[in-house]
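Asks: Below are the structure tokens for one structure; questions will follow.
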């Protein structure tokens, strides 16, 4: 006999948890179940996040990303204050190292101003005051950029949800979804669930779940691995805040950078390498079926033709510590290969359109039966509470919740 719920949410990453919070804030009596195939919550993108609370500099004014980031960072701070979760207001510099980068730096500065973000354009003298070991001919200083532990945030969200009566089922991978006259039937590990409506926050498998639910997503998830090095403790003094390069506007990744963590570590990275499995956290992790799914997608080959030089260099930098460190030296010339050691990696669930374009904004689609979050890249964690409220609003309208 299937257990009955008003809404089933697939995925217990930070966006799924925030969505459940948004729903139960509006509708305290709603019966909600969350299902996740992993043994713990926040096991993938949330659990491998660098922990930055982004200020909103990067995003085109008026875009979904810009609105959700600016609102979301405020909500995140309120949530962390309520739950006594440590936030470090370290600030960030975005550094131009060549004259060619200056127009792009100016564009970022103007975007920050348009989005209401406190930003300051600074010259080398001021940069050296903030980051004595950073190199640059001009930079943006973002004093409101901060860092947090998003796993700690997710755990606090889960505690709140359980207190509200939400059931969070881990080790409950969904293998089949069928629409019925009453809603949707979900077959998960160890149990069956009957829900009136479905919300898909499955991250790396969001497109797979959408198709399983009978939707026809217009994008496919292509996994990119981001690999980090860790700065050795005796050299962490080289980085005081967060040090970022000026990003390439044609490529929706921020480039290798230095990030302090709330635990006192300094990360260096990440790169962006095509992964051979959706959970391919190492270069040698290959799942033939998933790789075949990626290679069989026309959008993948259109993307490859456009970015083959960039992609080739990313693979080279993945395999060569010397090349990785050379990229880091553009920002901090004193960093040496012996100063860093291999760290962890994360996987970015990048939505790719059939024409090969990389979807840069959040993508949420749905109908009267289900809502599917198909793309929630950075600043997805920063904006999670705002995104969750937005999805709760969509659910109210589309599902006719009262």
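Read-outs throughout are calculated quantities, based only on the coordinates presented, and are distinct from any laboratory measurement. Keep in mind it's a predicted model, so treat the numbers as computed, not measured. Methodologically, a virtual Cβ is constructed for each residue, glycine included, from the backbone with ideal geometry; neighbour enumeration extends over all protein chains shown.
Asks: Run the helix sum for the chain: -39,500 (n - 2.57) per DSSP H stretch of 4+ residues, divided by residue count, reported at 222 nm to the nearest 500 deg cm²/dmol.
Replies: Helices in the chain give a 222 nm mean residue ellipticity of -10000 deg cm²/dmol.
Asks: How high is the relative contact order of the chain, in percent, counting Cα pairs under 8 Å that sit 6 or more residues apart?
Replies: Value for the chain: 24 percent.
Asks: For the stretch 343-396, count the residues as N, evaluate 2.2 N^0.38 Å, and divide the Cα radius of gyration by that value, please.
Replies: Output field value: 1.30.
Asks: Which one of 237, 257, 48 has the biggest mean-square fluctuation once the chain is modelled by GNM with Cα springs under 10 Å?
Replies: Evaluated over the chain, the most mobile residue of the options is 237.
Asks: Based on other C-beta atoms within 10 Å, arrange 12, 170 from fewest to most.
Replies: 170, 12
Asks: Here is a follow-up. So what are the radius of gyration and Dmax for the Cα set of the stretch 164-287, in Å?
Replies: 20.2, 63
Asks: OK, next. Taking Rh as the Kirkwood radius computed over C-alpha pairs, what is the Stokes-Einstein D of the chain at 37 °C in a medium of viscosity 0.692 mPa s, expressed in µm² per second?
Replies: Using the Kirkwood radius from Cα pairs, D works out to 151 µm²/s.
Asks: Strictly greater than 18 Å: what percent of every Cα pair in the stretch 243-347 meets that?
Replies: 55 percent
Asks: What share of the DSSP beta bridges in the chain is antiparallel, in percent to the nearest 5?
Replies: 70 percent
Asks: Can you pull the Kirkwood radius for the stretch 76-140, inverse mean 1/r over Cα pairs, to one decimal in Å?
Replies: Working: mean 1/r = 0.0744 Å⁻¹.
Final number for the Kirkwood radius of the stretch 76-140 is 13.4 Å.
Asks: What's the center-to-center distance, using Cα atoms, between the stretch 18-86 and the stretch 225-249 in Å?
Replies: The stretch 18-86 and the stretch 225-249 have Cα centres separated by 24 Å.
Asks: What are the extents of the Cα atoms of the stretch 1-99 along their three principal axes, in Å, largest first?
Replies: 67, 29, 29
Asks: Note down the relative contact order for the stretch 277-352 as a percent, whole number, built from C-alpha pairs under 8 angstrom at least six residues apart.
Replies: Relative contact order here is 34 percent.
Asks: Measuring from label point to label point, each 7 Å out along Cα→Cβ, what is the residue 304 to residue 123 span in nm?
Replies: Going by the 7 Å Cα→Cβ label model, 5.0 nm.
Asks: Nearest 10 degrees is fine. How inclined is helix 14-26 to the longest principal axis of the chain, computing both from alpha carbons?
Replies: So the inclination is approximately 50 degrees.
Asks: Treat the count of other C-beta atoms within 10 Å as a stand-in for reagent exposure and order 308, 187, 141 from fewest to most.
Replies: With the fewest neighbours first, 308, 187, 141 line up as 308, 187, 141.
Asks: Please report, in cubic angstrom per residue, the volume enclosed by the convex hull of the alpha-carbon atoms of the stretch 34-175.
Replies: Looking at the stretch 34-175, the number lands at 147 Å³ per residue.
Asks: Listing 14, 243 from the residue with the fewest other Cβ atoms within 10 Å to the one with the most, what is the order?
Replies: Starting with the residue having the fewest Cβ neighbours, the order is 243, 14.
Asks: Looking only at 114, 210, 66, which one moves most when the chain is put into a Gaussian network model with springs between Cα atoms under 10 Å?
Replies: Judging by the Gaussian network model, the answer is 114.
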